[in-house]
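Here's the structure, in structure tokens; my notes come after.
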């Protein structure tokens, strides 16, 4: 039996490890430093606990359930009703829109129009565009977990531009010594992020508070890294590699590659299920979606699109029952029933649909991309 001295005397706890471990976990969590200003981590064993089905923020609970599809080759956004599968709005944006990104406070969406250097603001309460901001080379966009900065991923100019949310005034441009920087994700404590460099086959690590590059590693054999996603327990970053046709596992703290799993041709997008048990991997080059059991780190299933397709970017519905993905080279959007793996929707849209945003979604705040919430 273990004894703990408290102000009022002695507290006895059983020596049984099933009692001791939760106490230890709570003590460690309380003492673990995080990025100053970020919302507290509710459950260190599952950083996505607040992005579970049903946990809609008051900021988004009254928004209509739409899909926002940026058509990169049509310079438009299609807005689709998730229930009827019908396009309910369609509007032009800037040249080559790549992703539709939720703001940190969840109240606004932005289309990142890469080639004419603009952001188009979209009101998710109405599904209509509002105004345009001039922002240089916004291939993708993220938010620091404290909400202090929007990070514009300027792929063409090889930089990560830290900007003021809302105004998008430039605070600092951080050059990166790699080619094709495009996706990133944050550590559980928010103190650093890892970004993928598609054209040089590298990963970079950036300290958030100091906004400095602190590390760079190359993927084995080069590769073409795409999306990146942190595991629910915060221990592993999964990196989709379109050239190696699978996912790398990366220890973020040590910044070392620890393993690889072959998933399918053109592994591209990564999405965590609403119960944090499954990682969905879109294999764009073969028209499939692979399922990874996150606890076991084992591939358990593969879904196929009848007749083929090109599943790219998207997200889970708010209730987790549908996985929505854009069909990059087929001018369509796919909806998969996550219970059966069956394709339940195939919706025609504009040319080159890319970073599809499902909205609204659960979570307290957004770190960007097509809707990463915690």
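None of the figures in this text is laboratory data; all of them are computed from the coordinates on show. Just so it is clear, the model here is predicted, and its values are computed rather than measured. Cβ: placed from backbone, ideal geometry, glycine included. Neighbour counts: every protein chain shown.
When the P(r) of the stretch 218-262 is calculated, the portion above 13 Å amounts to 49% of the C-alpha pairs.
Our summary gives the stretch 232-368 a relative contact order of 14 percent, counting only alpha carbon pairs under 8 angstrom and 6 or more residues apart.
When you count the other C-beta atoms within 10 angstrom of each residue and take the mean per peptide, 329-339, 55-65 line up highest first as 329-339, 55-65. Among 300-309, 98-107, 198-207, 71-80, the peptide with the highest mean count of other Cβ atoms within 10 Å heads the list, and the full ranking is 98-107, 71-80, 198-207, 300-309. Here the sum of -39500 (n - 2.57) over DSSP H runs of 4 or more residues, divided by the residues of the chain, equals -1500 deg cm²/dmol at 222 nm, to the nearest 500.
Modelled spin-label separation between residue 209 and residue 298, with each label point placed 7 Å from Cα along the Cα-to-Cβ direction: 4.1 nm.
Expressed per residue, the C-alpha convex hull volume of the stretch 80-195 stands at 117 Å³.
Can you tell me the mean projection area, over all orientations, of the convex hull of the chain's alpha carbons? Units nm², please.
19.1
For the stretch 234-374, the pair-distance distribution built from all alpha carbon pairs, in bins 10 Å wide starting at 0, is 12, 44, 36, 8, 0 percent.
Helix 17-31 and the long axis of the chain differ in direction by around 60°, with both axes built from C-alpha atoms. Extension gain, residue 260 to residue 62: 0.36 nm times the residue separation minus the Cα-Cα distance gives 67.2 nm. Taking every C-alpha pair closer than 8 Å and separated by at least 6 residues, the mean separation divided by the residue count of the chain gives a relative contact order of 16 percent.
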